[in-house]
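K.L.:
Quick one: this structure, given as structure tokens, is what I'll be asking you about.
The values are calculated or read from the model by the stated rules, or taken from the named source; none is laboratory data. Computed from a predicted model, the values in this text were never measured in an experiment. Please note: Cβ atoms are built from the backbone with ideal geometry, for glycine as well, and neighbour counts cover all protein chains shown. In case anyone asks, the SASA skips ligands and DNA or RNA and just uses the protein heavy atoms, side chains included. Shrake-Rupley method; radii C 1.70, N 1.55, O 1.52, S 1.80 Å.
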Amino acid sequence: NHEGVGEVAAVIAGTTTFMLAAIIALLVSKLKLGRISPMLWLSTALIVFFGALTIALRDPFFIQIKPTAIYLLFAVVLLVGVWRGKSYLKYLLEAAFEGLNEEGWRKLSRNWGLFFLALAALNEVLRQIYNVQNDNFGTWISLKLWLFMPLSFLFTFTQLPMLLKHGLLQEAEGEVLSDPPHE
């Protein structure tokens, strides 16, 4: 249908813009900081890879299945790491969570791995309900924006008590307390 074609074209345009922004962020990081963080490398690689597939295939089915694939990839990597006693999130996010102990990193990796599994399952349920054959592609896109983003923010905030319990900010508080008083 004509409306579906317009929605796919909008997704292609948005994907192209997002890919360019990711590459620019990579370059700016290299120029301004002299290095590129592992998280930025990984996210840019995924954005460019899946974005290129989206543009090349121009298929709404692929656009809808792409989030499931990404969520499953992240879930498997994180959960296999935890199973092996490692936290791959630590490698990617260590600078953002200074002071977090090893147990905290494992729990954070486990929790995010399980959350990504839940997002993959939710995307598949929504994809089945709002599949492109039923001309509900626009509804699926809206749900991706207005449901998944708030769920991700909410989940992030639910992790704060666990992060604080396992050392996040303790080093920073110690530094503040040990500073000499200013006169």
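K.L.:
For Ile70, are the conditions met, namely being more than 23 Å from Ala120 (Cα to Cα) and either in a helix (DSSP H, G or I) or within 16 Å of the chain's Cα centre (by Cα) (or both)?
P.N.:
no
K.L.:
Let me ask something else. Quick check on this structure: which one of Val8, Val77, Val28 is more than 23 Å from Ser152 (Cβ to Cβ) and either in contact with a Phe, Trp or Tyr (Cβ under 8 Å, 6 or more places away or on another chain) or among the hydroxyl-bearing types (Ser, Thr, Tyr) (or both)?
P.N.:
Val8
K.L.:
Can you go through Val48, Val77, Val8 and tell me which one is touching an Asp or Glu at 6+ places or on another chain (Cβ under 9 Å), surrounded by 15 or more Cβ atoms within 10 Å (Cβ to Cβ) and either in a helix (DSSP H, G or I) or of a type in the set (Phe, Trp, Tyr) (or both)?
P.N.:
From the options Val48, Val77, Val8, the qualifying one is Val8.
K.L.:
Moving on to the next point. Test Gly138 against the criterion of being in contact with a Leu (Cβ under 6 Å, 6 or more places away or on another chain) and at negative phi, and give yes or no.
P.N.:
No; evaluated as a whole, the condition is false for this residue.
K.L.:
Next up: Check Lys86 against each of (1) in a helix (DSSP H, G or I); (2) at pLDDT 85 or above; (3) open to solvent by 30 Å² or more (accessible area, probe 1.4 Å); (4) under 28 Å from Leu164 (Cα atoms) and name the one condition it does not meet.
P.N.:
Tallying (1) in a helix (DSSP H, G or I); (2) at pLDDT 85 or above; (3) open to solvent by 30 Å² or more (accessible area, probe 1.4 Å); (4) under 28 Å from Leu164 (Cα atoms), Lys86 fails exactly one: (1).
K.L.:
Going through Leu122, Leu108, Leu117, Leu151 one at a time, which residue ends up being touching a residue at least 12 places away in the same chain (Cβ under 8 Å) and surrounded by 20 or more Cβ atoms within 10 Å (Cβ to Cβ)?
P.N.:
Working: Leu122 fails: surrounded by 20 or more Cβ atoms within 10 Å (Cβ to Cβ); Leu117 fails: surrounded by 20 or more Cβ atoms within 10 Å (Cβ to Cβ); Leu151 fails: surrounded by 20 or more Cβ atoms within 10 Å (Cβ to Cβ).
Sole residue among the options that is touching a residue at least 12 places away in the same chain (Cβ under 8 Å) and surrounded by 20 or more Cβ atoms within 10 Å (Cβ to Cβ): Leu108.
A quick yes/no check of all residues on (1) assigned to a helix (DSSP H, G or I); (2) β-branched (Val, Ile, Thr); (3) open to solvent by 40 Å² or more (accessible area, probe 1.4 Å); (4) touching an Asp or Glu at 6+ places or on another chain (Cβ under 6 Å):
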{"residue": "Thr16", "(1), (2), (3), (4)": "yes, yes, yes, no"}
{"residue": "Ile24", "(1), (2), (3), (4)": "yes, yes, yes, no"}
{"residue": "Ser29", "(1), (2), (3), (4)": "yes, no, no, no"}
{"residue": "Ala52", "(1), (2), (3), (4)": "yes, no, yes, no"}
